[in-house]
Amino acid sequence: MVDFGSEVRSALKAQGKSLRGAAKELHYDVAYLSRVLNGKQAPSAELTVALNEYLGLSLSVEDSGSHDDEMDAWELARRVQASDVGNATLERLERAFDGLAMAYPKADPAELLRHVRKHSAYVVKLLDSKKTLSEHRRLLVVGGWLSLLGATVHIDLMQDDAATARLETAATLAREAGHPEIEAWCFETEAWRVLTDGDYVQAVDLSRAAQEIAPATSSAMIQATAQEGRANARLGESTETYSAIERVQALSAAIGSPDTPEHHYRYDPAKALSYTATTLAWLGDVAAEPYAREVIKRLSPSDDVTKWPRRVASANIDLALVLLKEDRLDEACDSAQKAILSGRVVPSNHWRALEVVKAVEARQLPESADLREAYQGLKAIES
């Protein structure tokens, strides 16, 4: 068996990376990582996957000698069934993915990523098992969804290389399984990534590519249309932006409310409010204000934002942008402070908060120093 610790230490040394740096990048405690590499503690399956991604290794779960209580229980249930995989195991994996996708709106990204890695590692293990064609396809599908969610979290954490690798994996699994919705989500997710990097033209192209693949009434179709509108808003293309807003509202109204609106891959019509607020704010249209205020009102009654904390933070940023445009400076600074101090602006959205900070500083407002300090505090928490 491969000496897990030796392999990882050799790779770290060869690539000029430190143990402390690896722990920070992968969001693991350095003491835990040290114990693992010195053979004093068995690594988890998700750590094995994370180190493979980080160092370009191909260590297997078996090499790591890892044990996970949840997966051990699933494995026992699987082995007492006639099939090497079995319907019950697949249903557990599918439910696990849905649970992770529903946790996404409020979960800590690093913690969520650990769970994604754990379940992805188990899918990899099962792919080597004897199974029916139907079971094989279901494994590909759940593996595709998990890879897609992992890519989304990597984007939130500004880990572009890992996000690209997971998106490519998700797209490959989707094509193998004949699942166009996952493939469409891959294009849409990449569109969001390049939009946050400032490549608005490519974001439009990727959003349209997603729409060409997505099933007509799917959540992927709606989200890809929304992404196209956001990108066009950043380009100042008002006609295309307003057209996208209208299409999103029509599509979302047609599908009705899902049973689990918090599920990241099931479009909630209420989300159209948030989308419209952001899109209009980026376009510089003051009509964004009532949409942003309605989002905040609906999602934060009595200051309880536990269900949609990121969406409320985004709405406050949108509101701040609009209020600045209308020279309502005190209100704008207050909204910006609420967003930044909420601690719910993920790294991939820091640039949006920074836009407001810079706009306040450009006007030389007395609140600019406090706002900059709050923003720097936000950055420090994530670093």
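The values are calculated or read from the model by the stated rules, or taken from the named source; none is laboratory data. Everything numeric in this text was worked out from a predicted model, so none of it was measured. Methodologically, a virtual Cβ is constructed for each residue, glycine included, from the backbone with ideal geometry; neighbour enumeration extends over all protein chains shown.
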Handout entry: Selected residue (only one of A332, A315 is at pLDDT 80 or above, of a type in the set (G, A, S) and part of a helix (DSSP H, G or I))
Key = A315
Completion exercise
Here the qualifying pairs (Cβ atoms under 8 Å; residues six or more apart or on different chains; first in region 217-229 and under 11 Å from A250 (Cβ atoms); second hydroxyl-bearing (S, T, Y) and at pLDDT below 95) come out as I222/S252; I222/Y267
Practice task
Would you tally the residues in region 95-108 being surrounded by fewer than 21 Cβ atoms within 10 Å (Cβ to Cβ) and in a helix (DSSP H, G or I)?
Solution key: 6
Exercise for the section: Take the residues in region 24-45 that are of a type in the set (A, V, I, L, M, F, W, C) and under 18 Å from L112 (Cβ atoms), then tell me which one is modelled with the lowest pLDDT. Expected result: A45
Exercise for the section: List every residue pair whose Cβ atoms sit under 6 Å apart, with the two residues 6 or more apart in sequence or on different chains, where the first one lies in region 331-351 and is more than 18 Å from R293 (Cα to Cα) and the second, anywhere, is at pLDDT below 70 and not hydrophobic (A, V, I, L, M, F, W, C). Expected result: P347/E382
Practice task
For region 124-163, name all the residues that are hydroxyl-bearing (S, T, Y) and free of Cβ contacts under 8 Å to residues at least 12 places away in the same chain.
Solution key: S134
Practice task
Go through region 9-36 and give me each residue that's polar (S, T, N, Q) and either in a helix (DSSP H, G or I) or surrounded by 14 or more Cβ atoms within 10 Å (Cβ to Cβ) (or both).
Solution key: S10, S34
Handout entry: A210 of a type in the set (A, V, I, L, M, F, W, C), in contact with an Asp or Glu (Cβ under 6 Å, 6 or more places away or on another chain) and modelled with pLDDT of 95 or more
Key = yes
Practice task
Sort out which residues of region 176-191 are surrounded by fewer than 22 Cβ atoms within 10 Å (Cβ to Cβ) and either in a helix (DSSP H, G or I) or touching a Cys at 6+ places or on another chain (Cβ under 8 Å) (or both), and write them in order of number.
Solution key: E176, A177, P180, E181
Exercise for the section: Take the residues in region 158-175 that are out of contact with any Lys or Arg (no Cβ under 8 Å at 6 or more places or on another chain) and surrounded by fewer than 19 Cβ atoms within 10 Å (Cβ to Cβ), then tell me which one is farthest from A50 (Cα to Cα). Expected result: R175
